[in-house]
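Computed from the coordinates by the stated procedures, all read-outs in this text should not be read as laboratory data. In this text, all values refer to a predicted model and were calculated from it rather than measured experimentally. All Cβ positions, even for glycine, are placed from backbone atoms using ideal geometry, and neighbour counts span all protein chains on display.
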Ligand code: GMT
């Protein structure tokens, strides 16, 4: 299996990496084709391989042709490693580059099926932009199998693009064992006076509505001793720090940047905040729930397919910080209800376990490969060459 993804901390890269790791554990050979090593990938694990895409700087180019380098690397890896299937995560430019690789390989009479998984902003923000839309539409339609991470994202795809392919919804998943920390979560270093711990994790882009997080926390800390953990790095961080200073709550807001301590920080959190204006799924909310942390969120996109209102947390209209603060206090000031929501959150996360979701991708790979076994590729070749 050749896997193409963004290797950074973003949700699509995390899902792609975890899926590859699970496939490798099941005995498949998994080859990651990316511009740097995916952050969660251990290349020393059995069945895992990493192929770096090199883009050579040439002074004539104002923009280096990454898609070309990626397509070439895909072709090269398919030929040298005997890859049977390509799974590309995030349409731009991966689905397009995969189509080019497929065409190049066809010239050599090699048919390689492409599975494209659409994750979010490749559709809802970037993909819709007229500069990319024709190429995104084309490459989705040319993929052999297309999946989306939520029903909401599928709806967005069908309403924004002319899509002739069936789109299968395969939700994201979480490795529950990762968040099952042995022993108690020691909070005292972060909250020495027994304060409640509220957390937020993101790459702090405008779409996450970071000012809302600070506003909600401001209202919470007026009524309840609390601290806010702001985890991650991004363009909105500096503004948020200033906002916290202006509101006089800077000492209670800890900006932790990128950290590898996510599991321990979630373990000590009482609530998780997610206020996005657009969110196709909200993997980070699922990770919080796997750590038994109730989620206070907006109702953007597919969040409601993960966080269940009144059960695993609460949802409110995008931007309604007043209601989100009230919901937070309802849980923080009612220990029995809070315990109930923690248990519900974990139970809900179990529905998105590895065992529940990964076999769906394996079945998709089998189906894509079956087109070759059944000789359908000859029809396909005739149509496309
Ligand atoms: O940053 C990324 O890797 C992708 C990112 C995005 O903005 O498209 O995240 C998306 O994919 C995640 C994994 O499927 C989802 O959990 C996120 O909800 C989704 N982000 C948005 O829709 C904003």
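Here is how the numbers come out for the structure above:
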quantity	calculated
Computed [θ] at 222 nm, helices only, for the chain once each DSSP H run of length n ≥ 4 contributes -39500 (n - 2.57)	-13000 deg cm²/dmol
Tail fraction, Cα-Cα pairs, the chain, threshold 33 Å, whole percent	34
From the C-alpha gyration tensor of the stretch 213-287, square roots of 5λ in Å	20, 15, 14
Sorted by Cβ neighbour density within 10 Å, fewest at the top, the residues 124, 8	8, 124
Near-label residues of the stretch 245-275 by backbone N, under 17 Å of a point 7 Å along Cα→Cβ of residue 193	248-254
Shape category assigned to the stretch 199-353 from the gyration tensor of Cα positions, a/c cut at 1.5	rounded
Percent of beta bridges antiparallel (DSSP, the stretch 1-91, rounded to nearest 5)	0
q = 0.16, 0.17, 0.30 Å⁻¹: log10 I(q)/I(0) that the Debye formula gives for the stretch 85-129, counting C-alpha atoms only	-0.44, -0.49, -0.99
The chain: angle of helix 321-332 to the longest principal axis, Cα-based, in degrees nearest 10	70
Normalised per residue, the volume of the convex hull around the Cα set of the stretch 61-120 (Å³)	76
Pairwise FRET efficiency - residue 29 versus residue 60, Cβ, R0 = 41 Å, nearest 0.05	0.60
Using alpha-carbon coordinates, inclination of helix 133-142 to the longest axis of the chain, degrees	60
Gyration tensor (alpha-carbon) shape descriptor, the stretch 250-336, a/c threshold 1.5	rounded
Order of 190, 181 under a 10 Å beta carbon neighbour criterion, fewest first	181, 190
Spatial separation of Cα centroids for the stretch 283-315 and the stretch 57-110, in angstrom	36
Three-way shape call for the stretch 32-177 based on the alpha-carbon gyration tensor, with the a/c threshold at 1.5	rounded
The stretch 152-229: mean projected area of Cα convex hull, nm²	8.6
Cα-based radius of gyration of the stretch 266-385 once divided by 2.2 N^0.38 Å, which approximates compact folds	1.48
Helix 11-25 vs. the chain, principal-axis angle (Cα, 0 to 90°, nearest 10)	60
Sorted by Cβ density within 10 Å, fewest first, the residues 25, 252	25, 252
Over the stretch 1-84: Rg over Rh, Cα atoms, Kirkwood Rh	1.01
